[in-house]
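Q: I have a structure here, written as structure tokens, and I will follow up with some questions on it.
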Amino acid sequence: MSSQTRVFYKGNKEDFLVFIDDVDEYEKYVHGVSSIPLSAVLANFDVYRSITGNGSSGQLDIASKQTLNEEFGDFNSVEDEIIPKILKNGQLQNLRKNSIH
């Protein structure tokens, strides 16, 4: 068994997820340690959404710029504007998944 940690953000129109590499670094980042780079927190800089648009389970897809724009308004950078909002306002989820050996 391995675990997959992510932050779930409940939006007004759709829900979004980002995947976390290091929970300790995430905790420091959310509690205001400004010297923590996002690269120490995230598995990648993609924002995902459920194909159904709602919830945190099921098949995920990378959210398009248009989808993010509809939820968060105009933005210049996913890394600087969207991901920090998801990290600070979302819920940490730790999911266990089966791994095949």
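Q: Is it true that Ile36 is over 20 Å from Asn12 (Cα atoms) and either touching a Leu at 6+ places or on another chain (Cβ under 8 Å) or modelled with pLDDT under 90 (or both)?
A: Considered against the rule, which asks whether it is over 20 Å from Asn12 (Cα atoms) and either touching a Leu at 6+ places or on another chain (Cβ under 8 Å) or modelled with pLDDT under 90 (or both), Ile36 comes out as yes.
Q: Can you pull out the strands (runs of 3 or more DSSP E) entirely within segment 15-78 that have at least 3 residues that are surrounded by 13 or more Cβ atoms within 10 Å (Cβ to Cβ)? Outline the logic, then answer.
A: Numbers: elements: 15-20, 48-50, 60-62.
Filter on segment 15-78 gives 15-20, 48-50.
Q: Contact list please: Cβ distance under 7 Å, first residue in segment 71-86 and under 22 Å from Glu27 (Cα atoms), second residue among the hydroxyl-bearing types (Ser, Thr, Tyr) and modelled with pLDDT of 95 or more, pairs at least six apart or on different chains.
A: Listed by first residue and then by second, the contacts come to Ile86/Tyr9.
Q: While we're here: For segment 1-30, enumerate the residues that are over 22 Å from Phe72 (Cα atoms) and either among the hydrophobic types (A, V, I, L, M, F, W, C) or modelled with pLDDT of 90 or more (or both). Quick ask: steps written out before the conclusion?
A: Applying the first criterion (over 22 Å from Phe72 (Cα atoms)) to segment 1-30 yields 1-5, 21-25, 27-28.
Selection gives Met1, Thr5, Asp21, Asp22, Val23, Asp24, Glu25, Glu27, Lys28.
Q: Hey, another quick one. Looking at segment 80-101, which of the residues that are in a helix (DSSP H, G or I) and surrounded by fewer than 13 Cβ atoms within 10 Å (Cβ to Cβ) is modelled with the lowest pLDDT?
A: Taking the candidates together, the pick is Asp80.
The values are calculated or read from the model by the stated rules, or taken from the named source; none is laboratory data. Fair warning: this is a prediction, and the values are worked out from it, not measured in the lab. Ideal geometry is used to build each Cβ from the backbone, glycine not excepted, and the neighbour counts take in all protein chains shown.
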